[in-house]
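Reviewing the structure listed below.
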Amino acid sequence: MSTIRILNPIIHDDTPRIPLAPQLAALRNARIAFVDNSKVNADIFLGRVKALLGEKYGAVTGNTVRKLAPKDDLSADDLKLLGDYDAVIQGFGD
């Protein structure tokens, strides 16, 4: 008699959920930094978003941290720099 082996593709994720950061009350005078993941056109996209946030909405746009490769983690120094802002926008390219 043969044995049938059944595989269940459902993944159980026991990782605790992390709540989303609170929404900014307003964009005017909000300090916003950026992360460029180094994919093609990410810098162009972020440049346009940065200008729009500053000119149209009065946000105070700050530093852009550029990763050497999309797979790279941000360094402790990068995280410390970004932690001084009210919000961070990460741009993806391609």
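Taken together, the values in this text are just the output of simple stated rules run on the coordinates, not laboratory data. Remember, it's a predicted structure, so these values are computed and weren't measured experimentally. Here the Cβ is made from the backbone with ideal geometry for all residues, glycine too, and neighbour counts use every protein chain on show.
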Legend entry - Flag for P22 being exposed (fewer than 10 other Cβ atoms within 10 Å of the Cβ) and within 30 Å of V60 (Cβ to Cβ): yes
Inset, instruction - For residues that are assigned to a loop (DSSP other than H, G, I, E, B) and of a type in the set (G, A, S), tally how many sit in segment 29-87. - result: 7
Inset, instruction - State which residue is farthest from R31 (Cα to Cα) when the search covers only segment 57-94 and only residues that are exposed (fewer than 11 other Cβ atoms within 10 Å of the Cβ) and among the basic types (K, R). - result: K71
Inset, instruction - Give the residue, chosen from I44, I11, I4, I32, that is under 26 Å from L68 (Cβ atoms) and exposed (fewer than 13 other Cβ atoms within 10 Å of the Cβ). - result: I44
Legend entry - Qualifying positions in segment 11-47 - basic (K, R) and farther than 22 Å from L81 by Cβ: R17, R28
Inset, instruction - List every residue pair whose Cβ atoms lie under 8 Å apart, where the two residues are 6 or more positions apart in sequence or sit on different chains, the first residue falls within segment 71-94 and is touching a residue at least 12 places away in the same chain (Cβ under 8 Å), and the second residue, located anywhere, is loosely packed, with under 11 Cβ neighbours inside 10 Å and assigned to a loop (DSSP other than H, G, I, E, B). - result: A87/A21; G93/V40; D94/V40
Inset, instruction - From the list A33, A51, A26, pick out the single residue that is of a type outside the set (S, T, N, Q) and either on the phi > 0 side of the Ramachandran plot or in contact with a helix residue (DSSP H, G or I) (Cβ under 8 Å, 6 or more places away or on another chain) (or both). - result: A33
